[in-house]
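Step one of this worksheet: look at the structure below.
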Amino acid sequence: MAVAAETLPPVAAFALVGVLGVGAQLIAWRLKMPAIVLMLVAGVLAGPVTGIFDPMREFGALREPMIAVAVAIILFEGGLTLNLKSLQDAAKGVRRLVVVGAPLGWLLSSLTLHYVAGLSWETSAVFGGIMIVTGPTVIAPLLRSARLSRRPAQVLQWEAIVNDPIGALAAVLAFEVVTVARASQQMSVAIGETALGILLAIAVGAAGGFGLVWAFRKGRVPEYMKVPVLFTLLLAVFAGCDWVLHESGLLAVTVMGIVIANSHLPSFEELRRFKEHATVLLVSGVFIILAAGLDLSELSALNWRAAAFVAAIMLVARPITVFVSLINSGLPWKERVLVAFTGPRGVVLVAVAGLFGERLVSLGVADGALVGPLAFALVAVTVVVHGFGLSPMARALGLTGAGTPGLLIVGGSRFSTGLAKHLQDSEIPVLVSDPNHGKLRGARRDGVQTYYGDILAEAAEHRLDLVSYSTLLTATDNDAYNTLVSTDLAHHFGRADVYQIARERDTQTRHALPATLGGKPVFRDMTYEMLDRHMRDGWRFRTSRLTEKFTLDDWAAEYPDSLMIAAQRKGQPMRLLNTGENLKGQEDMRIIHLAPPQDEVEKQQNARAAERAAPDSDAPSGA
């Protein structure tokens with residue numbers, strides 16, 4: 001039960017939202033748990049359970065505009081991820097889920113609301129339209145933690161983002177019909193105004209996107225002003241369209257994002273990364289605010305019908321919608337099953353449902369008051385079920401990356417081929433990429449998976465499923481290219497998992513690079529030529545397992561001249577190593593190292609044994 005609490009100062013309230021939201025995501029990352037679940041729990045604990053934070057008390061009339069703007073930015077960022085070239089073989093499935101799935105989902109959701117939840121037809125039609133939304137704010141964190149294969153991930157992501165504004169507009173259309181029926185207005189006028197607002201939103205969103213692209217390409221906006229101009233235009237497009245027709249602003253900003261995503265802007269990556277960072281903050285903030293604003297008394301008013309409604313949506317309405325929509329879509333049955341039983345709801349559903357619930361009540365539709373609690377119940381259950389269940393279901397269907405995170409090596413060489421072959425024999429996924437076809441000859445001969453092409457090219461992004469690889473090593477004979485690849489892909493892999501072999505002249509001050517460029521140093525700072533010389537001299541890769549009986553000191557004594565390459569605990573990502581790495585006290589770990597030829601090792605071992613057996617030259621001869 002909530003306890004009475006004084007109103008927090010506005011700055012403290014904003015800080016609390018940030019700490020709870022970002023803190024929940026950080027803890028979830030450390031514990032490998034679904035971030036959405038922890039954010040939901042954090043918001044409920046801070047709000048209705050303890051009463052420390054009440055969004056209506058702290059923010060008042062600003063609460064709804066804050067959520068609306070945050071949702072608009074989230075959807076715009078989602079639109080920025082929808083590059084048409086990335087669809088490829090998933091395009092047909094996505095198109096069917098939008099064209100067939102949206103109206104069918106509206107119908108089945110409305111029927112479920114009326115016959116299972118017991119709502120009136122008016123409320124069911126409005127709420128059923130909102131339920132077309134599958135939650136882009138939830139899908140993104142789920143896909144990030146579940147590591148799905150590329151195609152099902154694309155289908156879920158595109159469906160969530162594209163259907164999001166469609167669901168909001170379906171609710172607008174249904175609400176207009178209810179309003180006309182109760183106010184005795186002309187149906188044709190209401191529907192005409194709604195259609196005009198939708199067309200206007202599409203036109204304004206497209207015009208905003210094309211106008212921004214033109215201004216950026218022509219140099220009409222300086223670099224330091226591009227993000228502020230983008231942000232301001234986004235707010236203007238959203239507010240203008242929403243003023244004409246409520247909820248049409250969501251459609252406008254989504255269209256604007258898609259236009260920019262497919263424009264091939266040179267500065268697109270910078271814009272997208274800024275929006276990603278903003279979205280992480282906004283998703284966490286909105287979830288905390290909505291969960292903290294929950295009224296437990298409203299939830300307590302729900303009966304068994306609410307539980308039956310949630311179950312029917314997840315186990316009947318959603319699967320039927322997906323299976324019917326994907327008939328003859330070309331998607332394998334396993335991917336259809338995964339998509340059919342993955343339909344989490346999120347921020348947009350709760351925000352829009354609460355708004356229309358209040359509007360229905362104002363029109364005299366009594367059961368409109370149940371829309372908000374039912375929406376939150378559906379969100380809570382789907383977030384928890386899919387948050388914990390998506391990864392196991394995907395693994396059971398074989399639709400995730402490999403169980404052991406692998407290594408992507410950029411650069412074909414004797415060293416890369418030898419390392420890749422050794423890792424592959426150890427059942428660690430590995431891929432060798434090089435823009436030079438001839439340098440991949442050795443890897444192909446040894447049966448190593450290869451990719452011929454520039455890893456930075458757009459084609460590589462669409463053709464390669466990088467979900468199986470958690471670590472990047474750049475090891476070509478071109479130091480500048482290694483630095484470029486390491487810097488560009490650091491955002492995807494994380495800077496802690498991007499490694500680069502030493503540059504030839506990196507020790508000279510005039511050639512040293514700042515820490516913001518390139519990857520982490522590795523392999524005792526050995527250059528391409530040094531590593532290649534070792535391979536020519538007959539050095540080979542070996543694996544040693546550290547145990548309580550065979551410690552790191554034992555390994556160092558047995559292989560004093562070996563070059564330590566990597567260390568890995570079972571089920572964890574492989575860590576490439578450099579000079580000074582501390583592995584002491586870590587048993588049950590395997591070490592991959594590059595060892596001198598066996599005959600050389602034997603010579604060294606014999607020499608050390610002879611030294612130990614020889615008498616001390618300083619000892620008295622007659623002692």
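The values are calculated or read from the model by the stated rules, or taken from the named source; none is laboratory data. Small disclaimer: the values here were computed from a predicted structure and weren't measured. Every residue, glycine as well, gets a Cβ built from its backbone with ideal geometry; the counts of neighbours run over all protein chains shown. Accessible surface areas use protein heavy atoms only, side chains included; no ligands, DNA or RNA. Shrake-Rupley method; radii C 1.70, N 1.55, O 1.52, S 1.80 Å.
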If I fit a long axis through the Cα atoms of helix 187-217 and take the longest principal axis of the Cα atoms of the chain, what angle between them do I get, 0 to 90°, rounded to 10? 30
Under the rule of at least 5 residues apart or a separate chain, name every residue whose amide H is placed under 5 Å from the amide H of Thr474. Val410, Tyr499, Gln500, Ile501
Please list, ordered by chain and number, the residues whose modelled amide H lies under 5 Å from the amide H of Gly406; skip anything fewer than 5 residues away on the same chain. Tyr469, Ser470, Thr471
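Quick one: if you take sqrt(5λ) for each eigenvalue of the C-alpha gyration tensor of the stretch 7-155, what semi-axes come out, biggest first, whole angstrom?
31, 24, 15
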If I fit a long axis through the Cα atoms of helix 35-44 and take the longest principal axis of the Cα atoms of the chain, what angle between them do I get, 0 to 90°, rounded to 10? 50
Between the Cα axis of helix 598-613 and the main Cα principal axis of the chain, the angle (0 to 90°, nearest 10) is 60
Whole-Å distance linking the alpha carbon centroid of the stretch 451-505 with that of the stretch 315-330 is 38
With θ set to phi - 60°, apply the Karplus curve 6.51 cos²θ - 1.76 cosθ + 1.60 along the stretch 116-121 and write out the HN-Hα couplings as whole Hz, x wherever there is a Gly or Pro. 9, 7, x, 7, 5, 5
How big, on average over all directions, is the shadow cast by the Cα convex hull of the stretch 168-301, in nm²? 10.7
The stretch 292-367 accessible area per residue, 1.4 Å probe, protein heavy atoms, integer Å², reads 42
More than 36 angstrom separation, counting every C-alpha pair in the chain; what % is that? 47
Amide H of Thr400: which non-local residues (sequence gap of 5 or more, or other chain) have their own amide H closer than 5 Å, using H built in the peptide plane? Ser149
Rg to Rh ratio, the stretch 370-455, alpha-carbon atoms and Kirkwood radius? 1.33
Once the dipole of the stretch 496-566 is set up with Lys and Arg at +1 and Asp and Glu at -1 on Cβ about the Cα centre, which of His534, Ala512, Ile565 lies farthest towards its positive end? Ala512
